[in-house]
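**Student:** Pasting a structure below so you can have a look.
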Amino acid sequence: MKPKSSKLRVGDWVEIRSKDEILRTLDGHGCLDGMPFMPEMFALCGKKFQVYKRAHKTCDTIFPVRGRRVDRSVHLETRCDGSAHGGCQASCLLFWKDAWLKGVGESSADTSAVPVVFPPAACAESDVWARSTDPSAPGPDPVYVCQATRLPFATADLEWWDIRQYIEDYHSGNVGLWRILCGAAYFLFYATSKAGIGLGRPIRWFYDRFHPLWRGFPFPRRHGKIPESEATPTKQLDLRPGELVRIKPYKEILNTLNTRDRNRGLYFDAEEVPYCGGTYRVLKRVTKIIHEKTGKMLEMKTPSFILDSVICQSRYSECRLFCPRSIYSYWREIWLERVGPERSTQANEIAEVVSDCERASNSSYTSR
């Protein structure tokens, strides 16, 4: 069956249905149309939010990177806190099926009709908690199950050349017309530079020289110079949540990358280039995230950081242009520089609040 898009648009108000209502939409695996409802989402039941983006498409980071079509889903300003998944710190944007929401106010689309209703006994809250890990996985380490690990199985094929997705990007309110035109212009430049007809260098020069005309950024796909056999540099700033940092210029960051655009194994993506030179607040220090392909927890040997509002905008990503998933970008400390005093009172207060929240989340998870 062909997936159907949500009727909700960016800015519509919705209320998340009650726990009992949502449980009646889930199958025995705690899923609707293959999309898991995760334990972290129970705390949000009954609350009202505006639609952040229509999730009519997304990016699959498990199989060869590609775009995928999503059935009747949206993103709200809600992110996973990892409390049911070993304290994962990725803070992924949550998917909300239309069936889990109801409209609020006259401007909201009608989402009152739940398309699939399972018997009340099909799924209980305890089942949702139990499904956060795979009980059949071998070995002592847990294998986690979440929306990110199951995304390929809850979505359908979407080819990059299907122009209907870009029309929906615009009509849903996800992306403005100017951003769409800029995306088309970039890929025209990029495809020409990769065509093998000797135009790569002049195309990049032209792009770098004239990108201010379309309010763009420097050509985002350059490469580091450090050989793979050599260690890349590192730096420790002892950053904490709440501190202001400035992201270094793109050229300086390139000096810290090897020829595969990595620093200590962390890839510097083209989607991070628009943020270079900007000032942002530290949101979180990241030391562990779930590997989306294996479901196992990855421990980072060199910590990285996520910054407030610094997300993947999918401006330059082939096969998944304008994906609304808004994954946080990861930053090495050597790519950042502290702004102002070494640590402000506000930063200390925010850090204490974050620590308290993390302790509370871990306590809640352990008790289950």
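**Student:** So, in nm, how far is label ARG79 from label CYS319 when the simple model puts each one 7 Å beyond its Cα toward the Cβ?
**Tutor:** In this crude spin-label approximation the distance works out to 2.6 nm.
**Student:** Same structure again: Can you list the lysines whose alpha carbon sits under 29 Å from that of LYS48, skipping same-chain ones fewer than 8 residues off?
**Tutor:** Those lysines meeting the cut-off are LYS4, LYS7, LYS19, LYS57, LYS97, LYS102, LYS284.
**Student:** Now a separate question. Two decimals, Cα atoms only, Kirkwood Rh: what is Rg/Rh over segment 177-296?
**Tutor:** On the Cα set of segment 177-296, Rg over Rh gives 1.01.
**Student:** In nm, what is the difference between 0.36 nm times the number of residues separating LEU254 and LYS301 and their Cα-Cα distance? Display every interim value, and only then the final one.
**Tutor:** Values: separation 47, 0.36 × 47 = 16.92 nm, distance 2.11 nm.
Result for the pair: 14.8 nm of gain on full extension.
**Student:** If you don't mind, there's one more thing I want to ask. Multiply the residue gap between ASP308 and LYS225 by 0.36 nm, knock off their C-alpha separation, and tell me the result in nm, one decimal place.
**Tutor:** Net length gain for the segment: 26.9 nm.
**Student:** Just to confirm, what accessible area per residue do you get for the chain at 1.4 Å probe, in whole Å²?
**Tutor:** Heavy-atom SASA per residue in the chain reads 51 Å².
**Student:** Evaluate segment 16-72: find the radius of gyration of its Cα atoms, find its Kirkwood radius, and give the ratio Rg to Rh. Intermediate values should be presented prior to the final figure.
**Tutor:** Details: Rg = 13.4 Å, Rh = 13.2 Å.
Taking Rg over the Kirkwood Rh, I get 1.01.
**Student:** Summing -39500 (n - 2.57) over the DSSP H runs of n ≥ 4 in the chain and dividing by its residue number, what mean residue ellipticity at 222 nm do you reach, to the nearest 500 deg cm²/dmol?
**Tutor:** Dividing the helical sum by the residues of the chain leaves -6000 deg cm²/dmol.
**Student:** Using a simple charge model, +1 on the beta-carbon of Lys and Arg, -1 on the beta-carbon of Asp and Glu, nothing else, what dipole does the chain show about its Cα centre, in debye to the nearest 20? Walk me through the numbers before you get to the answer.
**Tutor:** Working: 54 positive and 44 negative charges, 220 e Å.
In total the dipole reaches around 1060 debye.
**Student:** If I build a Gaussian network model for the chain, linking alpha-carbon pairs within less than 10 angstrom, which residue out of ASP238, ASP127, ASP169 has the largest mean-square fluctuation?
**Tutor:** In this elastic network of the chain, the residue with the biggest mean-square fluctuation among ASP238, ASP127, ASP169 is ASP238.
**Student:** Is the shape of segment 128-234 rounded, prolate or oblate, going by the alpha carbon gyration tensor and its root eigenvalues a ≥ b ≥ c, with a/c under 1.5 for rounded and a/b larger than b/c for prolate?
**Tutor:** On the way: a/c = 2.78, a/b = 1.47, b/c = 1.90.
Here segment 128-234 falls in the oblate category.
**Student:** Further question on the same structure: Using the basic label-point model (7 angstrom from Cα toward the beta carbon), what is the ARG164 to LEU181 distance in nanometres?
**Tutor:** Modelled inter-label distance: 2.6 nm.
**Student:** How much length would be gained if the chain were fully extended between SER18 and SER126, taking 0.36 nm per residue of separation minus their Cα-Cα distance, in nm to one decimal?
**Tutor:** Fully extending the segment from SER18 to SER126 adds 37.3 nm.
**Student:** Please build a GNM for the chain, connecting alpha carbons under 10 Å apart, and tell me which residue among PRO202, PRO303, PRO220 fluctuates the most.
**Tutor:** Residue with maximal mean-square fluctuation among PRO202, PRO303, PRO220: PRO202.
**Student:** Given 37 °C and 0.692 mPa s, how large is the Stokes-Einstein diffusion coefficient of segment 238-335 in µm²/s, with Rh as the Kirkwood radius over Cα pairs? Before the final figure, lay out each step's value.
**Tutor:** Values: Rh = 14.3 Å.
Taking Rh from Cα pairs, D becomes 230 µm²/s.
**Student:** Using a Gaussian network model on the chain with a 10 Å cutoff between Cα atoms, which of GLY200, GLY224, GLY82 fluctuates the most?
**Tutor:** Of the options given, GLY200 has the highest mean-square fluctuation.
**Student:** Take the solvent-accessible surface of the protein heavy atoms, probe 1.4 Å, and return the percent of it on the chain that carbon and sulfur atoms account for.
**Tutor:** After summing per-atom areas, the C and S share lands at 54 percent.
**Student:** How far apart, in nm, are two points set 7 Å out from the Cα along the Cα-to-Cβ line at SER136 and at ASP27?
**Tutor:** So the two model labels end up 1.3 nm from each other.
The values are calculated or read from the model by the stated rules, or taken from the named source; none is laboratory data. Since this is a predicted model, take the numbers as computed values, not measurements. Please note: Cβ atoms are built from the backbone with ideal geometry, for glycine as well, and neighbour counts cover all protein chains shown. When the accessible area is computed, the model is the full protein with side chains, heavy atoms only, and any ligands, DNA or RNA have been set aside. Shrake-Rupley method; radii C 1.70, N 1.55, O 1.52, S 1.80 Å.
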